[in-house]
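Please treat every number below as a calculation from the coordinates, not as lab data. The structure displayed is predicted, hence computed values, not measured ones. Using ideal geometry, Cβ is built from the backbone for each residue, glycine included, and neighbour counts are taken over all protein chains shown.
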Amino acid sequence: MKHNTFEKIRSADVRIAIVRARFNEDITAGLLAGALEALQEAGIPSEKVRVVEVPGSFEVPLAADRLFAAKAADAVVCLGALIQGDTPHFEYISRACASGIMQVGLRHGKPCVFGVITCFTREQAEERSGPGDMNRGREAAKVALEMIEQLGEIA
Ligand code: DLZ
């Protein structure tokens, strides 16, 4: 994604929460590393970044909702890794998670960013959680900053 811009944001004023699912832990560790790196590059102080862990992607929307309800963040970056198995479980969790994250953002009027990867294979997941620009956690963190800025301008 090439169009992220958050030039005008006052980095020191922004509070970001990251909700990370532990399921497929090595993959979500990579997503988390990418997100933290992007926030650091944008000048967000580490004390303004809060990381919350949940068991799996299904639990991510509830934690995000709670963070907004507690007024603990200006944006929540949701990170998880869903890898298709032999049953339809993947479909149910993916849809519930995506829909839940969207609903949380709309309910609170704040960016709730979908940094949950949904992959057919482990190789795809590794590709999207490794170092560099393909890292979806990194991308999700940048989207959060851009949306904070955009919503501020609209207001
Ligand atoms: C149960 C389950 C399965 C099968 N697969 C994944 C997955 O690929 N990625 C993920 O984040 N979580 C998975 N889970 C766990 C669910 O998200 C959830 O934690 C449990 O169903 C308990 O609600």
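Before moving on, here are some points about what is shown:
- Region 11-56 shape via C-alpha gyration tensor axes, a/c threshold 1.5: oblate
- With distances taken between every two different alpha-carbon atoms, region 74-155 has a Kirkwood hydrodynamic radius of 13.6 Å.
- For the chain, lysine pairs separated by 8 or more sequence positions, or belonging to different chains, with Cα-Cα distances below 20 Å total 9.
- Shape class of region 81-129 from the Cα gyration tensor (axes a ≥ b ≥ c, square roots of the eigenvalues): oblate, since a/c reaches 1.5 or more and a/b does not exceed b/c.
- Result for the chain in a Gaussian network model with C-alpha springs under 10 Å: among VAL104, VAL77, VAL49, the largest mean-square fluctuation is at VAL49.
- CD proxy at 222 nm, helix term only [per DSSP H run n ≥ 4: -39500 (n - 2.57); per residue of the chain; nearest 500]: -15500 deg cm²/dmol
- For region 113-155: rounded, prolate or oblate by the Cα gyration tensor [a/c cutoff 1.5]: prolate
- Axis of helix 60-69 versus longest Cα principal axis of the chain: the two differ by about 20°, to the nearest ten degrees.
- Counting Cα-Cα pairs of region 20-91 in 10 Å increments starting at 0 gives whole-percent bin shares of 18, 46, 29, 6, 1.
- For the residues ASP65, ASP74, ASP133, a GNM of the chain with alpha-carbon springs under 10 Å puts the largest fluctuation on ASP133.
- For region 72-79, the Karplus equation 6.51 cos²θ - 1.76 cosθ + 1.60, evaluated at θ = phi - 60°, returns couplings of 9, 7, 8, 7, 10, 9, 9, 10 Hz by residue, with Gly and Pro reported as x.
- Mean separation of Cα contacts under 8 Å (6+ apart) over length of the chain, as relative contact order %: 32
- A protection proxy built from the mean count of other Cβ atoms within 10 Å ranks the segments 31-43, 80-92, most packed first, as 31-43, 80-92.
- Fluctuation leader among CYS119, CYS97, CYS78 - the chain, Gaussian network, Cα springs under 10 angstrom: CYS119
- Extension gain, PHE120-ALA69: 0.36 nm per intervening residue step, less the Cα-Cα distance, totals 15.0 nm.
- FRET efficiency estimate (nearest 0.05) - Cβ-Cβ, ASP133 to TYR92, R0 22 angstrom: 0.10
- A cut-off of 5 Å between modelled amide H atoms, ignoring neighbours fewer than 5 places along the same chain, links ALA21 with VAL54, LEU79, GLY80.
- Principal-axis tilt of helix 136-154 within the chain, Cα atoms, nearest 10 degrees: 40
- Computed on the chain, the Cα convex hull volume stands at 101 Å³ per residue.
- In order along region 49-59, phi translates into HN-Hα couplings of 10, 10, 10, 10, 10, 10, x, x, 4, 4, 8 Hz, rounded to whole numbers, per the Karplus curve 6.51 cos²θ - 1.76 cosθ + 1.60 with θ = phi - 60° and x for Gly and Pro.
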